[in-house]
Amino acid sequence: MPDADFRLFTAIVSAGTMQGAAQALGLTRSGVSKRLAQIEARLGVRLLNRTTRTMTLTDAGRAYHASSVRLLEEIDASEEAVRAFGKSAVGTIKLAASSMLAARFVIPLLREFKDSNPDIHIQLHCSEEFSNVVGESIDLAIRIGKSPDSSLIARKLAVSRRVLCASPAYLERHGVPQRPEDLQRHNCLLLSALGTSWNEWPMREGRHVRTLRVHGDLVLNSSHGHYESIYAGLGIGRVTELVARPDIEAGRIRTVLERYTPTDEAMISAIYPTSRHVSNKLRVFLDFLVKHFAAHAAEAARSTGRRR
């Protein structure tokens with residue numbers, strides 16, 4: 001490697017002897033002499049005039065030494081600057097999240113995070129699809145459900161069950177479903193972005209859980225659009241309770257068929273590439289997310305207890 005050659009040659013010049021350079025570098029004298037000969041052969045010039053007692057730089061040697069010192073200083077400065085990224089919370093985080101998680105959790109938290117970490121910049125990519133974290137150079141993805149890539153690290157942020165919801169206005173117009181079969185007479189809001197399985201709703205009957213394929217006249221490709229359609233009174237939808245909790249508490253939407261809704265808990269995770277060295281900027285953001293999602297989950301648990 002060129003920088004290794006630079007360091008060897010500058011060590012020889014600094015020590016003034018092959019033996020001194022060998023001691024400084026932890027090498028043998030013959031090893032240093034052999035590597036110097038290889039450098040001179042590669043460059044096609046003699047760098048040192050050597051006798052049994054003296055060693056002097058040639059003109060080419062003086063030029064090579066000056067260049068070596070300058071380049072090593074630049075290399076060391078560059079490496080120190082890069083290491084600073086690992087020691088300080090600075091840089092850009094490329095973040096991916098579903099549109100609903102982004103709207104409900106991520107974006108409302110960004111101001112507080114930025115106030116404490118002004119040197120960290122966020123690039124937020126909203127998509128319902130599980131991002132190709134490695135291929136798209138995503139630093140962190142926040143998702144509900146299991147990651148399709150088992151090679152990634154998933155750090156738990158929260159666990160929340162899924163519930164069926166509708167607006168009071170919709171239920172007033174169409175009635176409140178009393179049994180799972182009643183859903184066949186209702187407009188169920190469909191979500192295309194997460195595949196057909198999202199539109200197959202599990203229903204508990206005694207000790208068994210069966211899957212009910214639902215139908216409706218509105219198909220949406222974003223979780224945020226799906227939720228806003230529930231809120232607007234367009235039908236019944238299936239959502240993560242942690243997301244819907246503020247509107248449930250305020251009475252803006254209501255849960256339905258709770259006795260038939262299984263406790264199919266969904267994991268909300270922060271997903272990032274496997275690495276022994278997580279950058280400090282990412283570690284700071286992860287810790288921030290864990291703290292705030294834990295607060296949301298605790299409040300949701302208290303609210304569920306009060307409703308029951």
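So which residues in region 244-253 are surrounded by fewer than 17 Cβ atoms within 10 Å (Cβ to Cβ) and in contact (Cβ under 8 Å) with a residue 60 or more places away in the chain? Don't jump to the end; show me each part of the working.
First pass over region 244-253, keeping only residues surrounded by fewer than 17 Cβ atoms within 10 Å (Cβ to Cβ): 246, 249-252.
Correct list: 251, 252.
What is the residue count in region 211-238 for residues that are out of contact with any Leu (no Cβ under 7 Å at 6 or more places or on another chain), part of a loop (DSSP other than H, G, I, E, B) and more than 19 Å from residue 261 (Cα to Cα)?
5
Can you find a residue in region 266-274 that is touching a residue at least 24 places away in the same chain (Cβ under 8 Å), under 25 Å from residue 154 (Cβ atoms), in the same structural domain as residue 103 (by TED's automatic domain parsing) and outside any strand (DSSP E or B)?
The answer is yes, given that some residue of region 266-274 is touching a residue at least 24 places away in the same chain (Cβ under 8 Å), under 25 Å from residue 154 (Cβ atoms), in the same structural domain as residue 103 (by TED's automatic domain parsing) and outside any strand (DSSP E or B).
Residue by residue through region 255-283, note down the ones that are more than 12 Å from the chain's Cα centre (by Cα), at pLDDT 85 or above and of a type in the set (A, V, I, L, M).
256, 257, 268
If you check residue 206 against the conditions, is it modelled with pLDDT under 90 and either closer than 28 Å to residue 137 by Cβ or among the basic types (Lys, Arg) (or both)?
Details: modelled with pLDDT under 90: yes; either closer than 28 Å to residue 137 by Cβ or among the basic types (Lys, Arg) (or both): no.
Considered against the rule, which asks whether it is modelled with pLDDT under 90 and either closer than 28 Å to residue 137 by Cβ or among the basic types (Lys, Arg) (or both), residue 206 comes out as no.
Assuming residue 286 fulfils every condition listed in (1) outside the structural domain of residue 173 (by TED's automatic domain parsing); (2) in a loop (DSSP other than H, G, I, E, B); (3) among the hydrophobic types (A, V, I, L, M, F, W, C) apart from one, which condition is it?
Going through (1) outside the structural domain of residue 173 (by TED's automatic domain parsing); (2) in a loop (DSSP other than H, G, I, E, B); (3) among the hydrophobic types (A, V, I, L, M, F, W, C) one by one, residue 286 breaks only (2).
The values are calculated or read from the model by the stated rules, or taken from the named source; none is laboratory data. Please read these numbers as outputs of a predicted model, since none were measured by experiment. For neighbour counting, all protein chains shown are included, and Cβ atoms are generated from backbone atoms with ideal geometry for every residue, glycine included.
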